[in-house]
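For reference, the structure discussed in these notes is given below.
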Amino acid sequence: MSIKSLRILCDAVLPDRTIRVWDGSGGTFVDDEGNIYRPAQFTEDALQQIEAAINGEAYTLALSLISVSSSVADSIWDYDETISVQGSPFIVKLKVLDEDEQLDDQEPIVVFTGEIDNLDVVDESSDTGITSRVNLEITNRFTLRTLTNGAVLSDVDQRARAKLLNPSADDDRFCERVPMMRDKTVKWPNW
């Protein structure tokens, strides 16, 4: 039985380039297509966020790259100030490796696709020098479920949103059906 491992690959498709990173330390990782992924360290919270996104539990993904040198963080900040990264596609993929940490024949599995909503850089100082943390907030299309003012979607808004998200589906009747559930009684099995 061969033991396999996974690589978490992230593609940030910016307006003039694509930045590719993988979660881990060590050298660069080259995928089947020859794309080079640089090593990065995500916070433990970021890995939990990715897991929630993979399970479909999250519609906003908050990632933090830690131990970034201050010069790299400054260049990221300057780039965002000149060319806004907001709205840039962000893709999280999983790649299966064999027991020798070599690529297998399978395509990477796309587990989350969204757009960069916000980017900020936070500097941290310690005895060893200044390091930075790059924080990204990525949202996907399900962010449309919430409104910034906290209001609930009307029936008309819900139908329009459903048509946008899934144009080939039948009419969304969610708002019609929820009030009917008010009079229903849930009965648990009596063993």
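The values are calculated or read from the model by the stated rules, or taken from the named source; none is laboratory data. Owing to the predicted nature of the structure, the values given are computational and were not obtained by experimental measurement. In this analysis, Cβ positions are derived from the backbone assuming ideal geometry, glycine residues included, and neighbour counts consider all displayed protein chains. The protein model used for the area step is the full one, side chains on, heavy atoms only, and it has no ligands, DNA or RNA in it. Shrake-Rupley method; radii C 1.70, N 1.55, O 1.52, S 1.80 Å.
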Of all residues making up the stretch 6-53, the number that are at positive phi and touching a Leu at 6+ places or on another chain (Cβ under 6 Å) = 0
query = For the stretch 3-42, what are the residues that are farther than 24 Å from Asp100 by Cα and more than 14 Å from the chain's Cα centre (by Cα)?
reply = Leu14, Pro15, Asp16, Arg17, Thr18, Ile19
Pairs where the first residue, in the stretch 15-26, is within 16 Å of Ala46 (Cβ to Cβ) and surrounded by 10 or more Cβ atoms within 10 Å (Cβ to Cβ) and the second is modelled with pLDDT of 85 or more and aromatic (Phe, Trp, Tyr), C-beta under 9 Å, 6+ apart = Val21/Tyr37; Trp22/Tyr37
message = Looking at the structure I just gave you, is Glu81 touching a residue at least 24 places away in the same chain (Cβ under 8 Å) and open to solvent by 80 Å² or more (accessible area, probe 1.4 Å)?
response = no
request  = Please determine, by comparing only the residues of the stretch 61-77 that are of a type in the set (Ser, Thr, Tyr) and open to solvent by 50 Å² or more (accessible area, probe 1.4 Å), which one is modelled with the highest pLDDT.
outcome  = Ser75
